[in-house]
Amino acid sequence: MERKHMSAFALYQTISVDQPPPAKRPSLTVPAKKKKRKSNGVVHSVSPVKQPVRTNKRKNQKAELKTPDKQEHHSEEEQFVSGGESLDTLLKDLSEVNNSRERASRLFQWLINPIPAKSFFRETWEKKPVIIQRKNPNYYKGLFSTAEFDRILRQDDVQYGVNLDVTSYTGGKRETHNPPGRALPYSVWDFYESGCSLRMLNPQAFSSTVWSTLSILQEHFGSMTGANVYLTPPGTQGFAPHYDDIEAFIIQLEGKKHWRVYSPRSENEVLPVFSSPNFSQSDIGKPILEVVLEAGDLLYFPRGFIHQGDCLPDAHSMHITVSSFQKNSWGDLLLKMVPAALEIAMEEDVEYRQGLPLDYLTYMGVQNSDKDDPRRAKFLSRVEGLIKKLAEYAPVDAAVDLKARGFIHDCLPPMLTPGELASSVQGAPARWHRGQSEDVGSPITAQSKVRLIRAGCARLCSDGDVISLYYTTANSRVYHKEEVKSLGVKVEHTDAIEFLIHAYPKFVSVGSIPSDSADDVIALVELLFERGIIHMEEPL
């Protein structure tokens, strides 16, 4: 069928790959009186308990949504917002921030600006969707683009089903069209031109900007932060209605997309543990939210909210979904804690080792559940008491450490700032020069000042008699491509490592780190330096 629009690929072909980047704008730190400009965006929030908004899809793509009350005054940190600067400028400014946790907080605030982060987590997070419409197509410019998508296809080993999915949703049927092997531009763009959507599953493995953004944000969420990129042709839909098991931030990068969001269908689907199967339109009722996102807009919805997005006939769409909080609930923590608590209780408390009643099978179980037998009540009371008492044996810190080990394994490695690079092992001057190695040897002395390279890059955990330091700095940009990395730690070194962890973001002299031996602490710091876990105050 002949098309009159310019496709995303045709649009890409009009762009010069060698075109220089736009000139950088001034610093993001703007005077307070300028921070409430309209360009920062209009916020719409939707409560899932209210009646669905009725809209005429053809005549009015935007729902009439409730606007929050007057914004509360918020802290100086929350007012670190963008007045239209490129993401490259933002990341450069953030690289000058000394504390990686503050860096993460500021980047998240920029992501959801103008909503203050504190009010977002208090009023919206895990509760309801929210839309930010900015009327500023350049707000997220530089995060990812169709041109970069094409460059990656040409230059990198993108594999169907591993890095890229080709999908379609027509006539109520969702299909995946992945051939085997490498996804080359010739076949990928042919799929696109035939009406298929393209989903890049791990753009952080190929894009330094996405990698940098996610590696910063993961410290704010304290949970794995991932991303998928979606490129959809005009007039098509790539996915069936469904809900996910992650908190989703839909960032519109190019074009437009029409979104419909639906409340969870029951209490059992509120904050679900697993993603849903594909739904038919008759399964989901009426949307509580219907909106057209344009470049620069953001849509957030919690896990469990059913959603579907389709392209309008006159424009393609590219968006990136930033996701977090998968399997990061109280229940997930208890799944690790309760089995361990039972083991401890059975070892230490004879009540848990006492035998079951000889005749319990005659009055317990499904076949006996309707019996009016006083023995049932006594049995259930005993179970309840044992469960309550189990809390006394719960190894809470150990269970948290198990969760933390999983998070450390999930994490992206930190993308180092220029300052971190120059003062870390990656910037060490050792080289081969004129037939011999030069500048080899440890730069660490008792007077050297060091700190962790990032607040969340390392975690000290114990597993019985074994103490280990788990770290992210040797992780892959591809999810779980490498095994989790750790160092065995001697008991006498735990105080030194805890000192370094708790001292962040301050640099401390090696000589001030608690240790019985100056030589031992220097050897320990050298090891941490070699693994990229710490860096020095001054460039090497």
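The values are calculated or read from the model by the stated rules, or taken from the named source; none is laboratory data. It should be emphasised that the depicted structure is a prediction, and the values quoted were computed from it without experimental measurement. Here the Cβ is made from the backbone with ideal geometry for all residues, glycine too, and neighbour counts use every protein chain on show. Heavy atoms of the whole protein, side chains included, go into the accessibility calculation; ligands, DNA and RNA do not. Shrake-Rupley method; radii C 1.70, N 1.55, O 1.52, S 1.80 Å.
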**OP:** Return yes when S329 is under 16 Å from the mean Cα position of the chain (by Cα) and either surrounded by fewer than 22 Cβ atoms within 10 Å (Cβ to Cβ) or among the aromatic types (F, W, Y) (or both) and no when it is not.
**Re:** yes
Original post:
Does at least one position in the stretch 509-526 carry a residue that is within 15 Å of K449 (Cα to Cα), modelled with pLDDT of 95 or more, open to solvent by less than 50 Å² (accessible area, probe 1.4 Å) and not in a helix (DSSP H, G or I)?
Top reply: yes
**OP:** Considering each residue of the stretch 215-250, count those that are within 27 Å of W189 (Cβ to Cβ) and open to solvent by 20 Å² or more (accessible area, probe 1.4 Å), and give that number.
**Re:** 7
Original post:
Across the stretch 403-447, what is the total count of residues that are outside any loop (DSSP other than H, G, I, E, B) and either over 29 Å from M346 (Cα atoms) or modelled with pLDDT under 95 (or both)?
Top reply: 18
**OP:** Identify all residues within the stretch 251-269 that are open to solvent by 30 Å² or more (accessible area, probe 1.4 Å), of a type outside the set (K, R) and not in a loop (DSSP other than H, G, I, E, B); write none if there are none.
**Re:** E254, E267, N268
Subject >> Out of S323, S282, sole residue that is without any contact (Cβ under 8 Å) to a residue 12 or more places away in the chain and not in a loop (DSSP other than H, G, I, E, B) >> reply: S282
Original post:
Looking only at the stretch 367-402, which residues are in a helix (DSSP H, G or I) and of a type in the set (A, V, I, L, M)?
Top reply: A377, L380, V383, L386, I387, L390, A391, V396, A398, A399, V400, L402
Original post:
Looking at the stretch 339-350, which of the residues that are in a helix (DSSP H, G or I) and surrounded by 15 or more Cβ atoms within 10 Å (Cβ to Cβ) is farthest from the chain's Cα centre (by Cα)?
Top reply: A345
Original post:
Condition test on V162, is it buried (at least 19 other Cβ atoms within 10 Å of the Cβ) and not in a helix (DSSP H, G or I)?
Top reply: no
Subject >> Qualifying residues in the stretch 476-493 (those that are over 23 Å from the mean Cα position of the chain (by Cα) and either open to solvent by less than 50 Å² (accessible area, probe 1.4 Å) or of a type in the set (S, T, N, Q) (or both)) - the one farthest from C457 (Cα to Cα) >> reply: H493
Subject >> Matching entry among A295, A240 (being of a type outside the set (D, E) and either more than 22 Å from F149 (Cβ to Cβ) or in contact with a helix residue (DSSP H, G or I) (Cβ under 8 Å, 6 or more places away or on another chain) (or both)) >> reply: A240
Original post:
Looking at the stretch 458-475, which of the residues that are in contact with a helix residue (DSSP H, G or I) (Cβ under 8 Å, 6 or more places away or on another chain) and not in a strand (DSSP E or B) is surrounded by the fewest Cβ atoms within 10 Å (Cβ to Cβ)?
Top reply: N475
